[in-house]
Amino acid sequence: MANVAVIGSQWGDEGKGKIVDWLSSRADVVVRFQGGHNAGHTLVIDGKVYKLHLLPSGIVRQGKISIIGNGTVIDPWALVKEMDSVRAQGVELTPENLKIAENAPLILPIHSALDAAAEAARGNRAIGTTGRGIGPAYEDKIARRSLRVCDLEYPEVVQQKLERMMFHHNALLRGFGAEEMSADDIFDQLMDVRDKILPYMAVTWKILADAHKAGKRILFEGAQGMMLDVDHGTYPYVTSSNMAAGQAATGAGVAPDAVGYVLGITKAYTTRVGAGPFPTEQDNDVGQFLGERGHEFGTTTGRKRRCGWFDAVAVRQAIKLGGIKGVALTKLDVLDGLDEIKVCTAYELDGEVIDYLPASQVKQAAVKPVYETIKGWSETSAGARSWAELPAAAVKYVKYIEELIGTPVTLLSTSPERDDTILMHDPFEV
Ligand code: GDP
Ligand code: IMO
Ligand code: MG
């Protein structure tokens, strides 16, 4: 099994960026297959911090090909800004090492305007989106209205599609009581940016097919996490794409059997940013401790993340639905110094114990976690690079989680730094 897909197993921000960067030394091609610049993936390499949103996390390594796949949604202005900012950090970006799918849909200014208007209209039921226009851009894709990267070559197609799109969306904006937008303005902005995007446009499914045939290793990089999946997550408090492994195939343009080993990135506790059910949330000193120790502030929006105990029910569900074969457990070090650690092993709903998260939003809001309490550790696990360096109680915690989720921990991360990573089984060699 030569390829690996990395997906989040909770509500995002599990440390996917760090793990993808680490694994990319073993890969030839890294491809993003869903989501957009709502993602924020942080890499720390010898103290230097890179914050990536749409660029694949393999981009900082030389000699790798990075692909932004057809399953993503691309805001061309945000992408150009991100490219400029990583270039300023010394990363080389050329049409040789960065390829953008010709069939990826674009996020336009109208989509962020609609995102904001829809959120405002939801009032106290707002999702707490990142405001990046992700939902409306995916709606347009499914409604067959999108402008795609390949359209940028043809101004007349851009004009025509924009007029149709804005006829539809201005009616919506009027309904929301928001200001209408002009197709001509968006057209002009697109004509200004297209020369910065088109050189990177490529037939990415073909590049991937050739790479796979040649025995090259492909690393699929997911964004968000299974509990934010539009089908399987805490709907409607989700993002507008799928995270499950099947999406790696459709969103990159490869056959399902090319996806290979699915690695679920899993935080040693739980966080979520934005609104929606979060059974193990600790809106108290424990949550405060986790947030401060884990620096739990959003990479994209800077919002404070909600924090809570590890939820084995949600992760078990993510493992089954996502096709996860092994887990990379991150941020174990954040638990250093806690006397006791709680883990949610089941839920209670209307006096009954259940072992899954039901789909109904009423039930999701009502489930109560059933906790087991285990002993914490006073020693430090931060920066550990081998099992032998870990406190005995921390090893026990990892083993306990493995048992609860019925899936091996194949990688362990003990700090934001690239090399503070312990490998148990190489996912490319499984
Ligand atoms: P992603 O969206 O899944 O890529 O995760 P983010 O980058 O949004 O958030 C994870 C945060 O935790 C980042 O600031 C990482 O630098 C940091 N991080 C990753 N792994 C570890 C770890 O093992 N320990 C600690 N303390 N921080 C980590
Ligand atoms: P990474 O890849 C955490 C959340 C938002 C909001 C919901 C919908 O860094 O793990 P959207 O803007 O996508 O329509 O917002 O999804 N969300 C994330 N939460 N990590 C992310 O990405 C997220 N991307 C979106 O906070 O609750
Ligand atoms: Mg993130």
request  = Could you tell me whether ASP311 is open to solvent by less than 40 Å² (accessible area, probe 1.4 Å), away from ligand 3 (no atom under 16 Å from the Cβ), under 27 Å from VAL4 (Cα atoms) and touching a Cys at 6+ places or on another chain (Cβ under 7 Å)?
outcome  = yes
inquiry  = If GLU96 meets every condition in (1) of a type in the set (Asp, Glu); (2) more than 19 Å from GLY40 (Cα to Cα); (3) within 16 Å of ligand 2 (Cβ to nearest atom) apart from one, which number is that one?
reply    = (3)
task = Starting from residues that are assigned to a loop (DSSP other than H, G, I, E, B) and either aliphatic (A, V, I, L, M) or closer than 17 Å to GLY406 by Cα (or both), keep the ones in region 325-348 and report whichever is least open to solvent (accessible area, probe 1.4 Å).
result = LEU338
Unique residue being of a type outside the set (Val, Ile, Thr) and more than 14 Å from THR271 (Cβ to Cβ) when the list is LYS320, LYS304 = LYS320
request  = Assess whether ALA382 counts as being in the same structural domain as GLY287 (by TED's automatic domain parsing), small (Gly, Ala, Ser) and open to solvent by 50 Å² or more (accessible area, probe 1.4 Å).
outcome  = yes
message = Any residue that is among the hydroxyl-bearing types (Ser, Thr, Tyr) and in a helix (DSSP H, G or I) - is there at least one of those in region 136-150?
response = yes
ask   = Restricting to strands (runs of 3 or more DSSP E) lying wholly in region 367-424: which have 2 or more residues that are in contact (Cβ under 8 Å) with a residue 60 or more places away in the chain?
value = 368-375, 409-413
message = Can you find, within region 11-41, the residue that is surrounded by the most Cβ atoms within 10 Å (Cβ to Cβ) among those that are among the acidic types (Asp, Glu) and more than 12 Å from ligand 2 (Cβ to nearest atom)?
response = ASP21
note = LYS363: passes all of (1) assigned to a strand (DSSP E or B); (2) surrounded by fewer than 18 Cβ atoms within 10 Å (Cβ to Cβ) but (1)
inquiry  = Residue under question is VAL254, and the condition is that it be touching a residue at least 24 places away in the same chain (Cβ under 8 Å), open to solvent by 10 Å² or more (accessible area, probe 1.4 Å) and outside the structural domain of GLN361 (by TED's automatic domain parsing); does it hold?
reply    = yes
Of all residues making up region 138-184, the number that are within 15 Å of LEU106 (Cβ to Cβ), among the charged types (D, E, K, R) and surrounded by 13 or more Cβ atoms within 10 Å (Cβ to Cβ) = 7
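The values are calculated or read from the model by the stated rules, or taken from the named source; none is laboratory data. The structure presented is a predicted model; accordingly, all values stated were derived computationally and were not measured. Virtual Cβ from ideal backbone geometry, glycine too; neighbours counted across all protein chains shown. The protein model used for the area step is the full one, side chains on, heavy atoms only, and it has no ligands, DNA or RNA in it. Shrake-Rupley method; radii C 1.70, N 1.55, O 1.52, S 1.80 Å.
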